[in-house]
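Below is one structure, written out as structure tokens, with a few remarks after it.
Any read-out appearing in this document is the output of simple, stated calculations on the displayed coordinates, not a laboratory observation. What you see is a predicted model; the values in this text were computed from it and never measured. Positions of Cβ are backbone-derived with ideal geometry, glycine not excepted, and every protein chain shown enters the neighbour counts.
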């Protein structure tokens, strides 16, 4: 986790005068809802996401997670990202550990039209990097569809993960056996605000019953560089009793990424 | 469990409702196309957002202009018929942007993405959207560079921004002036400004402010520059307080920003071509006999983007710089008079502006009779276009 924090600090530190136009409508997993939209970051842009923190309470236990992510639009319609998770569990005692680290690619097939929704695919590779994370490498593929009507958007996500089932208590937010859900988004363009709600089903990589979880959240453009997000989480069937997350995203670039 | 069921049912109802609603817009999409999104970040520089920092009121005008441009297309696409569109644009939208310009309504804090303000019209012709966005980026970059005195070599930095702009030929407007025939000589030409005269004046006022800002920001003395920017903004607001002051022709660089045009001729021409295409796009969006809007928009985009065909032959001699608060005689000349002026030497243009409206009309008619543009040409040579060539099946 701290290596990712270091990347964040280093990147922001050396790009204090960098230009960026963060997109308050660019949804990414967990920021603040689990469902994402079908558009990647812009070509030649980088974005750091800083989930601070993600709290959840489940059957008496409490978890506090930090979930940083770095993304890069390395080609038109393509994105590469690396994300991590550090969790503190309080369940009688207190345990702090990294969980998994995930690399992902993201490819957007098309711009939505009146009749065709935007479609994207996201292959993911998740590595074990801590005592609370998985014990095995997992590969997943997610399909994403987004369709807007006026100021409203609907997003559908579905993914499946290949790899061994983990023992109970291992794995985290970044890896699940399967995941599917739907989100609704309302955009307020003059306010630079998006309100969000989703419901999704997720089967933990450690087995166990399928959880059905709902999120409510908002993303707000603070400055041309920064987006603030916040959300509430509740399990409708299994999953956390209650949770919340607050995050910041920062968009920037480097002159060296542009043609001379 | 009951909550879950309700949540899922409500979400599905919303999703299905959207699918049905989108059928209404499908009339614009004769042939569904898989178009690439290809969003690109704009050029990094220390000057980015300098306009916002140094000239916040001017920057606020630019943000509202973005809203006005985008909402215009959105309302055209969303209106059920022409009567509704005229009301939505000439009355409601004009009032909305006027209130924003004059500080009587909430303003956008940043430059909005067109896609968020105009989600439906953005789907109509994505390649057009990309060309508009990309050229608006260049607009903003030039303002930022000229606004920021930390930039030591502004000419070189602007050249770099322009070179970056030119790296995407599919979304650039050419640096050679395209013929006014593209805007004036096509079967759908003039329809937009005939049906929506007030908001057309607003669009031309937007373009005037953008040109005036180029001329103001090129001033090397920061104090004088600020005075000029403030004057341009105040004159712009005055046009919305008193709409009779809105321009009666499409303002161009050689008349409003001659100093800028002399120093950066390729960029000035690129912006003129962008503004010309804005008018062409509005004409084809509004004209009821243009059936396949996307097809026609892409055909027109290809025509105007072609760097060698349909170039302007009128000399367009620059006017001397005219103070922004003394440009009303110029701005009140109509489009035909403006085109007549494009054929005159500078001195004659200045004299033309002192004539009575009757005298200007007579002189313009005389000059137009002698004018022969030769029509719009495609790659294969001259193309005769008339209404019969259009697809009449659409809106």
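Values computed for the structure shown
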quantity: Mean-position separation - Cα centroids, segment B:30-99 and segment A:181-235, in angstrom; calculated: 27 Å
quantity: Residue mean of other protein chain beta carbons inside 10 Å, A:222-235; calculated: 1
quantity: Listed peptides A:167-180, A:134-147 by packing density, highest first (mean Cβ within 10 Å); calculated: A:167-180, A:134-147
quantity: Relative contact order, percent, chain B [alpha-carbon distance under 8 Å, six or more residues apart]; calculated: 19 percent
quantity: Against the rule of thumb 2.2 N^0.38 Å, how large the Cα Rg of chain A comes out; calculated: 0.96
quantity: Span per principal axis, largest first, for the Cα atoms of segment A:143-260 (Å); calculated: 49, 36, 26
quantity: Helix A:2-14 axis, angle to chain A major axis (alpha carbon atoms, nearest 10°); calculated: 20 degrees
quantity: Cα-projected label distance for residue B:314 with residue A:75, points at 7 Å along beta-carbon direction, nm; calculated: 4.7 nm
quantity: Per-selection Kirkwood Rh - the protein assembly as shown (Cα, Å, 1 d.p.); calculated: 26.7 Å
quantity: Label point 7 Å beyond Cα of residue B:198 along Cβ direction - residues of segment B:90-106 with amide nitrogen under 19 Å; calculated: B:90-105
quantity: Chain A, relative contact order in percent, only Cα pairs under 8 angstrom and at least six apart counted; calculated: 21 percent
quantity: Per-residue mean of C-beta atoms belonging to partner chains within 10 Å, peptide B:111-118; calculated: 5
quantity: Peptide B:347-353, shielding by other chains (average Cβ, 10 Å cutoff); calculated: 0
quantity: Sequence of B:266, A:112 once ranked by neighbouring C-beta atoms within 10 Å, starting from the fewest; calculated: B:266, A:112
quantity: Burial order of peptide ranges B:152-165, A:116-129 (average beta-carbon count within 10 Å, highest first); calculated: A:116-129, B:152-165
quantity: Fewest-first sequence of B:173, B:236 by Cβ atoms within 10 Å of each Cβ; calculated: B:236, B:173
quantity: For segment B:235-258 and segment A:148-180, distance of Cα centres in Å; calculated: 54 Å
quantity: Area projected by the alpha carbon convex hull of chain B, averaged over all directions, nm²; calculated: 22.1 nm²
quantity: Semi-axes of the equivalent ellipsoid for segment B:44-129, Cα gyration tensor, largest first, Å; calculated: 26, 18, 7
quantity: Rounded FRET efficiency, nearest 0.05, which uses the C-beta distance separating residue A:141 from residue B:266 and R0 of 45 Å; calculated: 0.45
quantity: Cα centroid separation - segment B:298-329 against segment B:179-193, whole Å; calculated: 14 Å
quantity: Segment A:182-230: relative contact order as a whole-number percent, Cα under 8 Å and 6+ apart; calculated: 29 percent
